[in-house]
Amino acid sequence: MHDLTGFQRDLLYVIAGKDEPHGLAIKEELESYYEKEIHHGRLYPNLDTLVDKGLVDKGQRDRRTNYYALTDRGSREIDARHEWESKHVGEQASVTA
């Protein structure tokens, strides 16, 4: 996950928190978080990158709607990132306490 952008990590987290979301649902969740519009030209190429890296599977609901789901590798990457962040945030909290 170290080679992902922050936006790509956020995409992974949104996908992990939903049950096979479609692109529009992911877009709406990120717009709520970022408090600004997320353009399709930013969203879909980054989703495709996550698919290409094997972190996300892309499926088709119907002829117009794709859905996204974490792969096992994507789940492991999120777990590893969470462990790494907890370690470093925990160290910081101990220093400032």
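Annotations
- Each other residue within a Cβ distance under 14 Å of Ser32 adds +1 if Lys or Arg and -1 if Asp or Glu, for a net charge of -3.
- Taking a point 7 Å from the Cα of Lys53 along the Cα-to-Cβ direction, the residues of the stretch 1-22 with backbone N closer than 17 Å to it are 1-17.
- Within a straight-line Cα-Cα reach of under 16 Å, Lys58 can be paired with the following lysines, leaving aside sequence neighbours fewer than 8 residues apart in one chain: Lys18, Lys27.
- For the pair Glu83 and Glu31 in one chain, pulling the backbone fully straight at 0.36 nm per residue adds 16.1 nm over the alpha carbon distance.
- Projecting the Cα atoms of Ala25, Val14, His82 onto the charge dipole of the chain (Cβ charges, centred on the Cα centre) puts Ala25 farthest toward the positive pole.
- Note on the chain: Rg/Rh from Cα positions, Kirkwood definition for Rh, rounded to two decimals, is 1.04.
No lab work stands behind these numbers, since they all come straight from the coordinates. These numbers were taken from a predicted model, which means no experiment stands behind them. Here the Cβ is made from the backbone with ideal geometry for all residues, glycine too, and neighbour counts use every protein chain on show.
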